[in-house]
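Undergrad: Encoded as structure tokens, here's the structure I'll be asking about.
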Amino acid sequence: MKKELMKQAAAALALTTTALFSSCAPQSQNADTSYLEANEVQNSNIVGGQLAETSYQKSHGIVQLRVKKVLKVFGKTLTLSESICTGSLITRDIVLTAAHCVSSKTSADKVDVLFGLTNVKAPTIAAKDWIINPAYVAAPKEGDTAVQHDIAIVKLASAAPADFQLAVLPTEKTIQQLLEGSKLTFAGFGITNPVVRDYKKDQNGKPVLDKNGRPQLVEFPSEGSGTLRKVSDMVVTRITSDQKEITLDQRGLKGACHGDSGGPALLKLQDGSDIQVGVTSRGTNQLGNCNESVIYTGVFGQLDFISKAVAAINKK
């Protein structure tokens, strides 16, 4: 038992000294599994967008989540990794986000919610609890196109700043304005470069294989995470019949990427107001790049989970 604890401590220290810092990612679940296991949480930021103003953030209740995974060894707490996600305030002390932001093989041990455009001097409130959708599928089988239910709520230890308004969720009436071809606005704290990795190629342009015969990958540095940005005119290409997932086109090299996970997709109604119709879930590119399509969890299709989870977490 002691030897095992020592192994865990050594592994934790190794991870800590490499300063592992990454962001929750809307990446393809079909990416090379050995690579993704070695890089458990990937980097995510609005691509091709613009800086958001404080007034925009507060009027839509958009927040940043800092998720720390820790290991307790010999009475000490070691931080294994820290990642960024995005969320929306839906009550004075509850944030809506993606399930994958607060659920993994080594569960997230500490979540802080930041109420600022960046993490610099941002008012911060710790999370005291969270609930993920029990139907959430963390690792679907290859080719599985079923809904993944990637949604969660986070309970704050105290009420959010008074000047932050609540996100407006859809109703049976307002969701009728969400159609294929509708244009949505994304907001998030993710990276700004849509391509984060590619296959390594030789001088003839052929993929370089590793000793197991698999293509080697080249990692590109990520930029821009930790600052709130927004991007408009993202076109809806598909809505599931149960309104639980929304797919949008990102081939124009703009949209959501790593770090925007859990952030809002906003639909402007005919009266000029915004409602949150989606929560950033994942991309469709097998390498985790953000240059194909992005899938959002549909908020309207998850209203039953949201209402039950809010009631349950408030009883604790």
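The values are calculated or read from the model by the stated rules, or taken from the named source; none is laboratory data. Only a predicted model underlies this, so the values are computations on that prediction, with no experimental measurement involved. Here the Cβ positions follow ideal geometry from the backbone for every residue, glycine too, while neighbour counts run over all protein chains shown.
Undergrad: Looking only at the range 203-231, which residues are modelled with pLDDT of 85 or more, under 18 Å from the mean Cα position of the chain (by Cα) and not β-branched (Val, Ile, Thr)?
TA: If the condition is that a residue be modelled with pLDDT of 85 or more, under 18 Å from the mean Cα position of the chain (by Cα) and not β-branched (Val, Ile, Thr), then SER225, GLY226, LEU228, ARG229, LYS230 are the ones that fit.
Undergrad: Related question: Only one of (1) within 25 Å of PHE300 (Cβ to Cβ); (2) touching a Ser or Thr at 6+ places or on another chain (Cβ under 9 Å); (3) not in a strand (DSSP E or B); (4) not polar (S, T, N, Q) is not met by GLY116, so which one is it?
TA: (1)
Undergrad: Looking at ASP210, ASP271, ASP260, which is the one that is closer than 24 Å to THR91 by Cβ and free of Cβ contacts under 8 Å to residues at least 40 places away in the same chain?
TA: ASP271
Undergrad: Still on this model: Name the single residue, out of those in the range 59-93 being charged (D, E, K, R) and surrounded by 18 or more Cβ atoms within 10 Å (Cβ to Cβ), that is nearest to TYR296 (Cα to Cα).
TA: Filtering first and then ranking leaves ARG66.
Undergrad: In the range 157-197, what residues are assigned to a loop (DSSP other than H, G, I, E, B), at pLDDT 95 or above, of a type in the set (Val, Ile, Thr) and closer than 20 Å to VAL231 by Cα?
TA: Within the range 157-197, VAL168 is the sole residue that qualifies.
Undergrad: Do we have any residue at all in the range 185-197 that's surrounded by fewer than 19 Cβ atoms within 10 Å (Cβ to Cβ) and out of contact with any strand residue (DSSP E or B) (no Cβ under 9 Å at 6 or more places or on another chain)?
TA: Among the residues of the range 185-197, at least one is surrounded by fewer than 19 Cβ atoms within 10 Å (Cβ to Cβ) and out of contact with any strand residue (DSSP E or B) (no Cβ under 9 Å at 6 or more places or on another chain), which makes the answer yes.
Undergrad: List every residue pair whose Cβ atoms sit under 8 Å apart, with the two residues 6 or more apart in sequence or on different chains, where the first one lies in the range 114-136 and is within 21 Å of SER59 (Cβ to Cβ) and the second, anywhere, is part of a loop (DSSP other than H, G, I, E, B) and of a type in the set (S, T, N, Q).
TA: Within 8 Å, the pairs are LEU117/THR227; THR118/THR227; ILE125/SER158.
Undergrad: Another question about this same structure. Name the residues in the range 45-58 that are loosely packed, with under 15 Cβ neighbours inside 10 Å and in a loop (DSSP other than H, G, I, E, B), would you?
TA: Matches in the range 45-58: GLU53 only.
Undergrad: For residues that are under 15 Å from ILE191 (Cβ atoms), part of a loop (DSSP other than H, G, I, E, B) and among the basic types (Lys, Arg), tally how many sit in the range 223-258.
TA: Going through the range 223-258 one residue at a time, the tally reaches 1.
Undergrad: Which of the residues belonging to the range 122-156 are polar (S, T, N, Q) and part of a loop (DSSP other than H, G, I, E, B)?
TA: ASN133, THR145, GLN148
Undergrad: Considering only the range 269-310, state which residues are part of a strand (DSSP E or B), in contact with a helix residue (DSSP H, G or I) (Cβ under 9 Å, 6 or more places away or on another chain) and surrounded by fewer than 23 Cβ atoms within 10 Å (Cβ to Cβ).
TA: Answer for the range 269-310, where residues must be part of a strand (DSSP E or B), in contact with a helix residue (DSSP H, G or I) (Cβ under 9 Å, 6 or more places away or on another chain) and surrounded by fewer than 23 Cβ atoms within 10 Å (Cβ to Cβ): ASP274, ILE275.
Undergrad: While we're here: Within the range 142-154, identify whether any single residue is modelled with pLDDT under 90 and more than 19 Å from LYS244 (Cα to Cα), and answer yes or no.
TA: Yes, that holds for at least one residue.
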